[in-house]
Amino acid sequence: MAAAPKGYDGVVITTPVTVPYTRYSPEGAAWWTGRALAELARGAGLASHREIDGFVYSSFSSAPDSAVGLTQHFGLSPRLVDFVPLGGMGAVASLRRAARAVQMGDAEIVACVAGETNGIHSFRHGLENFSRFSQDGVYPYSSGGPNVSFALMAAQYMATTGATREDFGKLCVAMRYNALRNPNALMKKPLSLDDYLGARPIAPPIHLFDCVQPCAGADGFLVMREETAKAQGLAFARLTGGIERYNGFAEDPIQLRGGWGVDVDTLYAMAGVRPDDIDVVNTYDDYPFVCMLQFEGLGFCAPGEAPEFVRAHEFTFDGSFPHNTSGGQLSVGQAGCAGGHLGVVEVLRQLTGQAGPRQVKDAKLGLVSGFGMINYDRGLGSGAVILEQGSMA
Amino acid sequence: MEGKSDMSNVLELLVGELASGAVEVVDLTFTLREDSPVIVLPPEFGESAPVRIERISRYDASGPSWYWNNLSFGEHTGTHFDAPVHWFTGRDLPCNTVDTIPVGRMVAPVCVIDVSAECAADPDFLLTRARVEAWEAEHGRIAAGHWVLMRSDWSKRSGLAYANLGEDGAHTPGPDAEVMQWLVEERDILGFGTETIGTDAGQGGHLVPPLPAHHFLHGAGRYGLQCLCGLDQLPPRGAVLMTAPLKIHEGSGSPLRVLALVPRAG
Amino acid sequence: MTTPFERPKRKDPLVRTELPLTPPGGRSRAAHLLTRAAARGQFALPRCRACGTVHFPVRDICPNCLSTEIAMAPAAAAGTLLSRTQAEVPALPYFRERAPWHVGLVQLADGPQVIAHLHPEVAVGAAVRMHLKLDKAGQAVLYAAPKTAEVDLMTDPKWREMVAHPLHRRVLITDARHFATPAIVKALKAAGARKIRLGVPEAWKPFREAPLYDGIEGVEILPLDLTSDRSVFDYASDYGGTTEIVINTADRVRAGQTLQPGTLLPAQEMMEHIAFGPMRLAQALAPALIGRGADGPAAAAAWVNLLSIHALAPLPGHMGWSAAHAAAHAFSQGLRAELLQGGVKLINLYSGPTEDPWFQTMIPPKVNGAALARGIVKALTEGLEELDIGPVAQELRERLDANPKAVERELGQS
């Protein structure tokens, strides 16, 4: 058994920014990323964005640039750069790296940004070039991309747990309800359960409203020491726990659980809380059944019992289990790696009272989980962070 | 002097006759085609390449404004000329290759012996001395330096019927040994020509000596013509053949255009 | 779910012919370990030579022990279907035109789980029979079929895309004077070929086998000489639009060593017949084949070459002939890449000396017409790219794989 990780004492997260998503964009990833950086500097009241001395960047569409090349593009001179194009794991990974850097003094103010563009053919190119195993072993089989891989998992998840499309639909309908209170969401029309059930099949059991809409956009946040945030007068949340796991449970023939189960006890032990204590949860929702894997993996219910859990709760921001209160990727849009940052930014807004009409009442403790990188037949990455509302006192 | 001036008038007269149609130019040549039959020998011997016409360009990417072909063939394909060197009997003679044959011999009078009826009845018909003597009785003695052409109407056949290959080889008409020796030695002919794939009969390999036309003609420095056509347009005598083979270095023969000048009765 | 594959109707000239599309052709270099097995109809999986772990997709290095010694090993073509779906709106037009496209996750008997093309009639939990096939892009893919023998795979359009079955197709046999032609015609008829055209070169020579084909429905005898530009052009003009499979039987066997007098011209003629002839035909006909690669359910499908294994290592005493086959082999590999633009397969059969009369003095075993015919139909119906016919070819292939230099010395001394 590995030693328990040290806490992230004194590290806080502030300044959630979103560059509103668009379906397609003729601009490059640098344009989207730079705008997020400008918003971060402005939001944090920095005299110049050059005060940012750490840059942790996530993107699938920045090629040929990496984070280092972009420092020149943006006129940054950071002493810490990291490039974490980890999709649904990008935000959790960025936050953990930034937090340790700040904690240990390697950087003062770290900007964690996901910036992504989306051209007409970007999605297909992304599928084609996603990974070597995908190129060799998935894309030649109908080019269905993640829809097909997740359909194969979802079908088996339904068969094993008794989950129904109604269960998935309930989550999607709740997310749309939340999204209608988020001006940045691309989806503007209400979604009923009938709409959900009546949607056209994409790769059964995956239907239209189980799929995210790829788009362009950027999200970002700042990681700094608590005293810095206080000096700048910024609302903040503390990072109290964080886990990552890659290629967990590799021996499972088909993925019916993510890697959270390996590390979940560590997560709650670090934060000193129990699942019941969490006020707002943001899962990585590339498909609704993946949310259910996270409910199980993160201890909100026992393995295989997510269908019951879903039936027992309401998932709107004002419900018994506020979940994906921004509307999630399913209703806001999936801006590549920014899709992973959406959850951190949203929970940060909730904990700092910036969520407007979808504000969860008395949200003090939030959990954001990440998932992703479907390399071949399963999502390889899984992780989560727990954030706690900070007080200015 | 006057005699000389008369001689130069001959060509002028000829040109006039050609223009008036009193002398006609008749083409005795098959079109040289890729599907032209070629002599078939037992395949353990070397084989003649067939005629191949391969396009270099035809107003296309390989030549936008021009059309031309590459051409290849064996020396003995299509309507062609056999030089004495073609046969072992003529191997040591002077001027026995197509490039050394005196050009004066390339224009010569011709006798045409019509045996088409006999050939129609018997594809293995052999021309005999008696048959030629009968022709002479009707048309006069064959003079020295003449071509003798055997009209079989075989050229009116095509493809399978023209090659007429059976399981025992080709069945096409030709001369027998005696008539060939006689024509060469007693009539001093310039050469012998046929409408079939050889100057010899299809079964001529079984005569004594084998392939007598080749044997006697070339052994005496005479020439062969084969795969001729249009012989039915020639009179029994009185026409002149023009037979200029390609000037191939040490060539044993070559495809050629055979033309006949034929006087037409007014 | 599936329907029998009926003979397609004649073309409607008012309807635009579908242009050929292909599935994704990009693969890692390591993934091409599968290509060779698929090309030869073997079911094999990557296996670590150091620890024996079988894995998938093909890796550069063993996930169990990090050895780089990865090689293909014969594997059980068996598995269990873990899950299935069908892509209804795939991203690539090739699949979208053919949707729904059934895909399954299969637990292989030898260990790994794989995503595979799936026959529609397999239920989750059922045993499957696995095939390693070449798809329309010529790339290796896995196909999971029902284990029961009763299911006719030809009822699955996806399967039909991966094979070049003669069923309902019109076939050209380029040189009907080839000694195996009667056997090939018989085998193709049995496999359901709709029409078999027999090209006869040098039509002025008797075609004595013609009566063998009297009364066989769909057999047509016509002149075709691959050594003639005009003849090939004439064939392509008449039948380019209605030829779906080409069986190239061009051959011309003449003995001769390199230094033996009199062997150059025969070698040249062999080159003309064996190498240039098919190349000439390809120039005239292949564009039509490529263009018709998606022309209905019995679209243009394959070009089959009857080559000698001595294309790869010369037969003593037959240098010119071996060289001509080597040239034909080299041409064929170039042609393969071009035909794949239309999803048309190029199939090479490699045989040892055959019962061609010109091999009279060769010591048996020799390949007879029936064996060649079986090989052709096997390669077409299974969608193979390479097949060795007969023990001589198979043995020589093994020796070549093991040590080509040894083969060169051994043949040189024989």
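Going by the conditions given, is residue A:345 away from every other protein chain (no Cβ under 14 Å), touching a residue at least 12 places away in the same chain (Cβ under 8 Å), over 30 Å from residue A:152 (Cβ atoms) and not in a loop (DSSP other than H, G, I, E, B)?
In short, yes.
Could you tell me how many of the residues in the range C:178-208 are within 14 Å of chain B (Cβ to nearest Cβ) and either in a helix (DSSP H, G or I) or buried (at least 17 other Cβ atoms within 10 Å of the Cβ) (or both)?
Within the range C:178-208, residues that are within 14 Å of chain B (Cβ to nearest Cβ) and either in a helix (DSSP H, G or I) or buried (at least 17 other Cβ atoms within 10 Å of the Cβ) (or both) number 7.
Restrict the check to the range A:120-136 and report whether at least one residue is among the basic types (Lys, Arg), more than 11 Å from chain C (Cβ to nearest Cβ) and surrounded by fewer than 23 Cβ atoms within 10 Å (Cβ to Cβ).
No, the range A:120-136 contains no residue that is among the basic types (Lys, Arg), more than 11 Å from chain C (Cβ to nearest Cβ) and surrounded by fewer than 23 Cβ atoms within 10 Å (Cβ to Cβ).
Is it true that residue C:231 is crowded, with 16+ Cβ neighbours inside 10 Å, over 24 Å from the mean Cα position of the chain (by Cα) and in the same structural domain as residue C:286 (by TED's automatic domain parsing)?
On the way: crowded, with 16+ Cβ neighbours inside 10 Å: yes; over 24 Å from the mean Cα position of the chain (by Cα): yes; in the same structural domain as residue C:286 (by TED's automatic domain parsing): yes.
So residue C:231 fits the description; yes.
Taking only the range B:185-194 into account, find how many residues are in contact with a Gly (Cβ under 8 Å, 6 or more places away or on another chain) and not polar (S, T, N, Q).
6
For residues that are in the same structural domain as residue A:103 (by TED's automatic domain parsing), farther than 30 Å from residue A:391 by Cα and surrounded by fewer than 23 Cβ atoms within 10 Å (Cβ to Cβ), tally how many sit in the range A:1-33.
Counting residues in the range A:1-33 that are in the same structural domain as residue A:103 (by TED's automatic domain parsing), farther than 30 Å from residue A:391 by Cα and surrounded by fewer than 23 Cβ atoms within 10 Å (Cβ to Cβ) gives 9.
Could you identify the single residue in B:113, B:142 that is more than 14 Å from chain C (Cβ to nearest Cβ), touching an Asp or Glu at 6+ places or on another chain (Cβ under 9 Å) and not small (Gly, Ala, Ser)?
After applying the criteria, what remains is B:142.
Counting only residues that are of a type in the set (Val, Ile, Thr) and touching a residue at least 40 places away in the same chain (Cβ under 8 Å), which one in the range C:15-32 is surrounded by the most Cβ atoms within 10 Å (Cβ to Cβ)?
C:22
Let's see how each residue does on (1) buried (at least 23 other Cβ atoms within 10 Å of the Cβ); (2) facing another protein chain (nearest Cβ under 9 Å):
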| site | (1), (2) |
| --- | --- |
| C:107 | no, yes |
| C:126 | no, no |
| C:135 | yes, yes |
| C:144 | yes, no |
| C:149 | no, no |
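Would you check if residue A:85 is within 14 Å of chain C (Cβ to nearest Cβ) and out of contact with any helix residue (DSSP H, G or I) (no Cβ under 7 Å at 6 or more places or on another chain)?
No; evaluated as a whole, the condition is false for this residue.
Just to be sure, is residue A:89 crowded, with 24+ Cβ neighbours inside 10 Å and either assigned by TED's automatic domain parsing to the domain that holds residue A:52 or in a loop (DSSP other than H, G, I, E, B) (or both)?
yes
Would you call residue A:108 under 30 Å from residue A:56 (Cα atoms), touching a residue at least 40 places away in the same chain (Cβ under 8 Å), among the acidic types (Asp, Glu) and surrounded by 24 or more Cβ atoms within 10 Å (Cβ to Cβ)?
no
Could you run through the range C:5-23 and say how many residues are within 20 Å of the chain's Cα centre (by Cα) and either among the basic types (Lys, Arg) or within 14 Å of another protein chain (Cβ to nearest Cβ) (or both)? It would help to see each step written out before you state the result.
Start the filter on the range C:5-23 by keeping residues that are within 20 Å of the chain's Cα centre (by Cα), which leaves C:20-23.
Within this subset, residues satisfying the condition of being either among the basic types (Lys, Arg) or within 14 Å of another protein chain (Cβ to nearest Cβ) (or both) are C:21-23.
So the count comes out to 3.
If I filter the range C:213-228 down to residues being more than 14 Å from chain B (Cβ to nearest Cβ) and under 27 Å from the mean Cα position of the chain (by Cα), which single residue comes out as surrounded by the fewest Cβ atoms within 10 Å (Cβ to Cβ)?
This residue is C:217.
Tell me, yes or no, whether the range A:25-32 has at least one residue that is of a type outside the set (D, E, K, R), more than 22 Å from residue A:232 (Cβ to Cβ) and within 18 Å of the chain's Cα centre (by Cα). Steps first, please.
From the range A:25-32, those of a type outside the set (D, E, K, R) are A:25-26, A:28-32; that's our starting set.
Keeping just the survivors that are more than 22 Å from residue A:232 (Cβ to Cβ) gives A:25-26, A:28-32.
Retained after the next criterion (residues that are within 18 Å of the chain's Cα centre (by Cα)): A:32.
So far as the range A:25-32 goes, yes, one or more of its residues are of a type outside the set (D, E, K, R), more than 22 Å from residue A:232 (Cβ to Cβ) and within 18 Å of the chain's Cα centre (by Cα).
Of all residues in the range C:39-66, which are basic (Lys, Arg) and more than 16 Å from residue A:250 (Cβ to Cβ)?
C:40, C:47, C:49
For the range A:186-215, enumerate the residues that are within 14 Å of chain C (Cβ to nearest Cβ) and more than 16 Å from residue A:150 (Cβ to Cβ).
Across the range A:186-215, the qualifying residue is only A:200.
What strands (runs of 3 or more DSSP E) lie completely within the range C:14-133 and have 1 or more residues being in contact with a strand residue (DSSP E or B) (Cβ under 6 Å, 6 or more places away or on another chain) and under 30 Å from residue C:297 (Cα atoms)?
C:44-48, C:78-87, C:101-108, C:113-118
Testing residue A:155 on (1) among the small types (Gly, Ala, Ser); (2) within 30 Å of residue A:306 (Cα to Cα); (3) buried (at least 24 other Cβ atoms within 10 Å of the Cβ); (4) within 14 Å of chain C (Cβ to nearest Cβ), one condition comes back false. Which one is that?
With (1) among the small types (Gly, Ala, Ser); (2) within 30 Å of residue A:306 (Cα to Cα); (3) buried (at least 24 other Cβ atoms within 10 Å of the Cβ); (4) within 14 Å of chain C (Cβ to nearest Cβ) applied to residue A:155, the lone miss is (3).
Here are the criteria: (1) surrounded by fewer than 24 Cβ atoms within 10 Å (Cβ to Cβ); (2) aliphatic (A, V, I, L, M); (3) more than 20 Å from residue C:235 (Cβ to Cβ); (4) touching a helix residue (DSSP H, G or I) at 6+ places or on another chain (Cβ under 8 Å). Tell me which single one residue C:290 does not satisfy.
Unmet condition: (3).
The values are calculated or read from the model by the stated rules, or taken from the named source; none is laboratory data. What you are looking at is a predicted structure, and each value in this text was computed from that prediction instead of being measured. Cβ: placed from backbone, ideal geometry, glycine included. Neighbour counts: every protein chain shown.
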